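This report refers to the structure that appears directly beneath it.
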Amino acid sequence: MPIEALFDLLIIGLVRGGMYVLMAMGLTLILGVINVPNFAHGEFYMLGAYFAYFASVFLRIPSILVIAVAALGGFISGMIIEKAVFYPLRRRSEGKNWLLNSFLLTVGLSITLQNLALWLIGSDYRGITSYWGGSLSIGGLMISQDRVIGFIIAMVSVLIFWLFLTRTKTGNSIRAVSENARGAKLVGIDLNRIYTLTFGLGAMMASIAGATLLSINPAYPTMGLRPLFRSWFVVILVGLGNVGGTIIGGFIVGLLETASYYGLGSGWQDVVSLTVIIFILIFKPSGLFGKAVKGIWEQ
Amino acid sequence: MNNNTTNNPKEKRDNENRVRESGSANKTVANDTVSTGKAGGTIAGSAGKTGGINELLGKIGLGPLSLLAFVLLGLAPLFIDDRFIIHLMISGMIFGTLAMGFDFTVGYINIVNFGYAAIMGVGAYSSALTVSRLGMSPWLGMAIGGVMAAIMGFLIGVVTLRLRGLFAAVMAWFVGLTLLAMTANLVDLTRGWLGLRVRPLFATPDRIPYFYTIFVITVVSYIILYRLTQGKMGMAFKAIGQNQEAAHSVGVNSTKYKIINFTISCALAGVVGGFYGHFVGILTPDVMHTRETVEVLALAYIGGRGSIWGGLLAAFIIIPIFEYLRPLMAMRFVIYGLLLMLVMILYPGGLSQFFAFIKAQIFNRSSKVEERA
Amino acid sequence: MSWKKSTFIVALSFVLVLGLTVSAAADVLTVGAVGPYTGPAARTGQEFQGAVEMAFEEIDFQIGDYEINLIWVDSESDPERAVRAYEDAVMRDGMDVGILNWHSSVAVALMDAAARNQIPHFFGFGATEVVIETFEEDPEYYSYWMGKTWPIPEKLSGAYVEAIQGAIEEGLWEPRNKRVGIYGEDTDWGRSFGAGIAGDFEEAGWEVVTHEYYEMGETDLYPLLASLRDADVSVVAGTDTSPPSFSAFVTQAREVGLESLIIADGLGWVGEWYEMTGEASNYVLDQIPEWPSEEAREWAADFEDKYGITPSTSAAGQAYDQARFFIHIAETAYDLHGELNSEVLHSVGQNLLWEGELYFDDGLIHERYMYTPETIPDPVVGEGYFIFPVLQYFDGVGQIVWPDSMKQAELEIPDYLQE
């Protein structure tokens, strides 16, 4: 393999991985705090793409604001859905079989959102040619500016989010709930508020990913499935609920896929990355960086 | 929290058992007709005899109600001259049987086999390929499909040994996704997305022979699964499902039972998959898609976990209803999704729990009547 | 008395209404249009729906004395569910005849269902080998599959090679080597087309270096394009039915610096394609025409007004032509037999359509739709019949470069390919 191809693959893999980080972080956050294994995460990616599309077509605002609108839209719809769907389940189930029931709930949510989009918006591909246009030369590789800026947005979002989790009072509360919900309640943290907020944040991260990629992936109802699968790969690889680990995991999966894609062909990238993950799980069931495993995840 | 989970299903089970016993003591009309038919000439109503027959039925795993349901189902083609309804019933039995096999794992050892459709696909492709490549009979093909799927189940069982709950589910899912990707890419063997044509099981275009084939598969599966969940093995499954460590400490070999469970449940999927291929006539890797697992999972959950028959009943209710909602197009799936969510929020026990509740009500009333007498 | 009278009137009107509905019901032809109306290919389904509706609206849902009852048979992109929907349509709605379909796998399953129910089915779109193989296994039994819309892809792919060979002969292009890379979406259509065009290139003396297929809908194609670039090929050829991934292929090809002439069969299939590719599509070769005539463009505009989606020639346009061809067949059958039902349509199909006596010249896309005993189940392919000109895109507009009779411009070779 020529050395420049290796360099290209590295860049391509990192750009790809950056989006996985963003998606997976939302997924793992929801899992870590609310204990919901979210099968509908891809649908928030879809919502983000639609928000961005309609914002850029009807509002005619600068691209960065388009993404901000999509982020806000994802955040609000996430919170509404948490209140409308998971809150009642939490009240009724009182913790019994929570994990499996909430999982099936997200399956239903995914089907509902996909088909609502098909019914209300239709099946056309709603895309835009570009946000910023033009391309950049990195080494010998020309890469579209949209991808580079998208990558930067993803990284900045991750950074802001990280600061929010570690430096603010609310962020600390979220982490406290993730570690010990009962304890957090005892020190006066309003659990319901934290749950709703967390779901909104997780949905927002998926929405940002969908919105920044709009010029590459136009919006359509079933677009969320692939990103959903990939973000699950990352989450499982690094260990459930490990927010920091997803940063490394996202890049690992991105690079692994890119390499096997280049070497073996597109169809084998899933086989390669899944085989690696399966073997890691066999020898380290809690994932690469998984430490404490919550009892509820093993029910 | 954990205590709650342990207690509830047990109570439910006790309830069901009580109901079942009561069913044999207080003969319902259905009960009577069935036992007369079955025993051929025995005087109906004699408490001892009926009890004996019920015991016999119980031994092969059929309660009076399920026997009646199966007899009615088996006779249905004699009265129904409508290919669409026959097809619907075949679909119902395909998905219902898959849902039973799925429930055998999720409802007992409490692991979601999220790669179930891929396992079914392994059976379907194995069967189709042995028939087309080796020229074997489709019947043998279906058996081989079952064996191949059983081997996959065994492997998944081994791989997920150290994993529980969500980890095991995701692992099974990943194995399924890997199988799907391989099926799509081993084009020389499977023809990938080009689609593999599968020889039909029967030379006739008539659907009735297919009906009875899947009918036999369904009934046999039901009996096997039901029997397995009743005896010592069923207790072991339940114990593992509730608390693996505790089960281990009282001497249940969780390794053995987990692997047995996976192997049986997957073998079943393989046989049904084999049938599916020969019934539809073409296979694409899509049959292994997660979408299909979700379909089966939804039936098992709506039917009620830990009941075996719940999934089958759900298939016979859900599939026809949604078939009749076809004109709604996309709206139909919105309803489907909402239904799933509502069941999970409002009645996570599903049909079987609802049924147990009704039965308990009837039981209470009839016992009161007896007391008065 | 008045009570008796009113009962009598009620009873009489009841009988009348009943009689009317019965006699009305006798003159109804129920046509089932199969398509992926929900599920992953729903976009195609929506185009089908609009096109078929417009075709039947033109005749006011009336053929002779028969009222056309149009029903939608949703395949959901799944063979088993498609058969279920089909049987449902036959039993519940009394479907007399079926038209269209999209996937080849669905076509194979429906061929059985159509034969079983003795329902003639006209112009399924499923095109690949499996359909032909199934048909040839028992042509009599499968005779209810009354002809495919699309020929097997290899019959169409040769045109590109002819166009390129022509340009080389005329000295317009001197390729740096005769190496070609095949790519495409990993579906029956993608692989079938890839195999077809690979064979055509090999026959013309080219070396096929690599086959790269990717999962349907994949939009990150950089690794694949890098690998094609490193394989040093002068031409890359392939097809894709998913617009997001196809436009990604074309734009990213420019980004990784792929120095090959790109054959992108079907890039223009979906109306919004140029909004997604922009300038990157310059020099790209495709076969799917822009709407070929003024009339066709008007129709496309009407379609867009009515349904709010931009129709594509390959789905909406083609479905519209086929639906009108079907209407033409049904009208002919009615004129000949004075009645319309499954048997009449089946026999007219076999005796006139398959013999090449019944054909259709009034389509938007192709000049003549025709079948002969040699081509069945495929249509006749070639100039004057079912043919797609090869075109090259510049700024979103296609110029026909092949065949010579339709040529609007010579094939242009980008600077980076000229040596």
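The values are calculated or read from the model by the stated rules, or taken from the named source; none is laboratory data. The structure presented is a predicted model; accordingly, all values stated were derived computationally and were not measured. Glycine gets a Cβ as well: all are built from the backbone with ideal geometry, and neighbour counts include every protein chain shown. To get the accessible areas, we keep the full protein, side chains included, count just its heavy atoms, and leave off ligands, DNA and RNA. Shrake-Rupley method; radii C 1.70, N 1.55, O 1.52, S 1.80 Å.
Observations, loosely collected:
- Per-residue mean of foreign Cβ neighbours for C:240-248 is 3 (Cβ atoms of other chains, 10 Å radius).
- Debye intensity ratio I(q)/I(0), log10, segment B:133-239, q values 0.21 Å⁻¹ (C-alpha model): -1.27
- Take each residue of peptide B:112-119, count the partner chain Cβ atoms within 10 Å of its Cβ, and average: the result is 1.
- A cut-off of 5 Å between modelled amide H atoms, ignoring neighbours fewer than 5 places along the same chain, links C:VAL28 with C:GLU67.
- For segment A:211-228, the Karplus equation 6.51 cos²θ - 1.76 cosθ + 1.60, evaluated at θ = phi - 60°, returns couplings of 5, 5, 8, 4, 6, 9, 10, x, 7, 8, x, 9, 6, x, 5, 5, x, 4 Hz by residue, with Gly and Pro reported as x.
- Of every Cα-Cα pair in segment B:59-189, the percent that sits beyond 20 Å: 59 percent
- Selected from C:HIS346, C:HIS337, C:HIS103 as most flexible by GNM, with chain C as the system and alpha-carbon contacts under 10 Å: C:HIS337
- Helix A:41-54 axis, angle to chain A major axis (alpha carbon atoms, nearest 10°): 60 degrees
- Rounded to whole numbers, the Karplus 3J(HN,Hα) couplings from phi for segment C:298-305 are 4, 4, 4, 5, 4, 4, 5, 4 Hz, using 6.51 cos²θ - 1.76 cosθ + 1.60 with θ = phi - 60°, and x at Gly and Pro.
- Computed from the Kirkwood radius of its Cα pairs, the Stokes-Einstein diffusion coefficient for the protein assembly as shown at 20 °C and 1.002 mPa s stands at 69 µm²/s.
- Under-5 Å amide H pairs with C:VAL401, H placed in peptide plane, nonlocal only: C:VAL390, C:LEU391, C:GLN392, C:GLN408
- Most mobile listed residue (A:GLU257, A:GLU94, A:GLU43) in chain A, GNM with C-alpha springs under 10 Å: A:GLU94
- For segment C:164-257, average projected area of the Cα convex hull in nm²: 5.8 nm²
- A compact globular protein would have a Cα radius of gyration near 2.2 N^0.38 Å; the ratio found for chain C is 1.10.
- Over all pairs of different C-alpha atoms, segment B:228-299 has a mean inverse distance whose reciprocal, the Kirkwood radius, equals 14.4 Å.
- As a length-normalised measure over Cα pairs under 8 Å and 6 or more apart, the relative contact order of segment A:107-166 settles at 17 percent.
- Near C:GLN118: Cβ cut-off under 14 Å, other residues only, Lys/Arg at +1 and Asp/Glu at -1. The net charge is -4.
- The angle between the Cα long axis of helix C:188-203 and the longest principal axis of the Cα atoms of chain C comes to about 40 degrees, rounded to the nearest 10.
- Within the accessible surface of the protein assembly as shown, defined with a 1.4 Å probe on protein heavy atoms only, the carbon and sulfur portion equals 61 percent.
- Rounded D (µm²/s) - segment B:67-297, Kirkwood Rh over Cα pairs, Stokes-Einstein at 25 °C, 0.890 mPa s: 137 µm²/s
- Once the Kirkwood radius over Cα pairs is known for segment A:3-298, the Stokes-Einstein relation at 4 °C and 1.567 mPa s delivers a diffusion coefficient of 66 µm²/s.
- The fraction of all Cα pairs in segment A:76-135 landing in successive 5 Å bins from 0 to the largest distance is 4, 14, 18, 17, 13, 11, 9, 7, 4, 3, 1, given as whole percents.
- With contacts taken as Cα pairs under 8 Å at a separation of at least 6 residues, chain C carries a relative contact order of 15 percent.
- Angle in degrees between helix C:318-337 and the longest Cα principal axis of chain C, rounded to the nearest 10: 40 degrees
- Packing, as the average of other Cβ atoms within 10 Å across residues, places the peptides B:292-300, B:195-203, A:155-163 in the order B:292-300, B:195-203, A:155-163, highest first.
- Charge tally for A:GLY254 (other residues, Cβ to Cβ under 10 Å; Lys, Arg +1; Asp, Glu -1): 0.
- Sorted largest first, the spans of the alpha carbon positions of segment C:319-419 along the three principal axes are 65, 27, 19 Å.
- Karplus-derived 3J(HN,Hα), 6.51/-1.76/1.60, for each residue of segment C:383-394, Hz, glycine and proline x: 4, x, 10, 7, 8, 10, x, 8, 10, 10, 8, 9
- Rel. contact order, % - alpha carbon contacts under 8 angstrom, at least six apart, segment B:67-297: 40 percent
- Residues whose placed amide H lies under 5 Å from that of B:ILE282, excluding near-sequence neighbours: B:VAL198
- Peptide B:174-180 has a mean shielding of 5, counted as Cβ atoms of other protein chains within 10 Å of each residue's Cβ.
- With a cut-off of 11 Å between beta carbons, the residues surrounding A:SER215 carry a summed charge of -1, where Lys and Arg count +1 and Asp and Glu -1.
- For chain A, calculated [θ]222 nm from helices alone, where every DSSP H run of n ≥ 4 adds -39500 (n - 2.57): -23500 deg cm²/dmol
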